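The values are calculated or read from the model by the stated rules, or taken from the named source; none is laboratory data. The shown structure was predicted, so the numbers you read here are calculated from the model rather than taken from an experiment. Because the Cβ atoms are built from the backbone with ideal geometry, glycine has one as well, and the counts that use them run over all protein chains shown. The protein model used for the area step is the full one, side chains on, heavy atoms only, and it has no ligands, DNA or RNA in it. Shrake-Rupley method; radii C 1.70, N 1.55, O 1.52, S 1.80 Å.
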Amino acid sequence: LLERGVAPEQIVAAAAQEDAELIGLSILSGAHLPICRRVIELLHERGMSSVRVFVGGIIPGQDITELKRMGVDEVFLPGASTVDVIKAIERTVASPA
């Protein structure tokens, strides 16, 4: 979505409207740190801290720790299997935030 000009504000607004439990972001631009940071900030500002955040894309290994520290629940790198993503979603949604 972000590659198509969808801003973090629009993502969080859509999640609020749909009462989402999880937001999945696919980021190929290399801007995963500032984008995820802003999405998580907005979730907190809107009282939506329980919404979980997944991110996938071309993400350097050293950034995974920072993404997790800021509140990203799962990080998927290129080649991640759909089965692994589904299992992670089921596991994450089933556990308390």
Between S81 and E9, take the C-beta separation as r, use R0 = 25 Å, and let me know the FRET efficiency to the nearest 0.05. 0.20
What is the magnitude of the charge dipole of the chain about its Cα centre, with +1 placed on the Cβ of each Lys and Arg, -1 on the Cβ of each Asp and Glu, and no other charges, expressed in debye to the nearest 20? 160 debye
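Based on the Cβ-Cβ distance of E18 and E41, what FRET efficiency does E = 1/(1 + (r/R0)^6) give at R0 = 22 Å, to the nearest 0.05?
Working: r = 20 Å, r/R0 = 0.89.
Efficiency at R0 = 22 Å is approximately 0.65.
Considering only protein heavy atoms and a 1.4 Å probe, what is the carbon-and-sulfur percentage of the accessible area of the chain? All intermediate terms of the calculation are to be shown ahead of the outcome.
Working: 3080 of 5720 Å².
C and S atoms contribute 54 percent here.
When ligands, DNA and RNA are left out and all protein chains stay put, how many square angstrom of accessible area per residue does region 53-97 have with a 1.4 Å probe? Before the final figure, lay out each step's value.
Numbers: 2680 Å² over 45 residues.
Result: 60 Å² per residue.
If each residue of separation counts as 0.36 nm, what is the full-extension length gain between S26 and S95 once their alpha-carbon separation is subtracted?
Working: separation 69, 0.36 × 69 = 24.84 nm, distance 2.27 nm.
Stretched fully, the S26-S95 segment lengthens by 22.6 nm.
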Mean separation of Cα contacts under 8 Å, 6 or more apart, over the residue count of the chain: relative contact order %: 27 percent
Quick one: which residues, 5+ away or cross-chain, put their amide H under 5 Å from the amide H of G24? H built at 1.01 Å from N. F54
Computed from the coordinates I sent, percent of Cα pairs over 20 Å apart equals one of [x] 56; [y] 25; [z] 33. Tell me the label. [z]
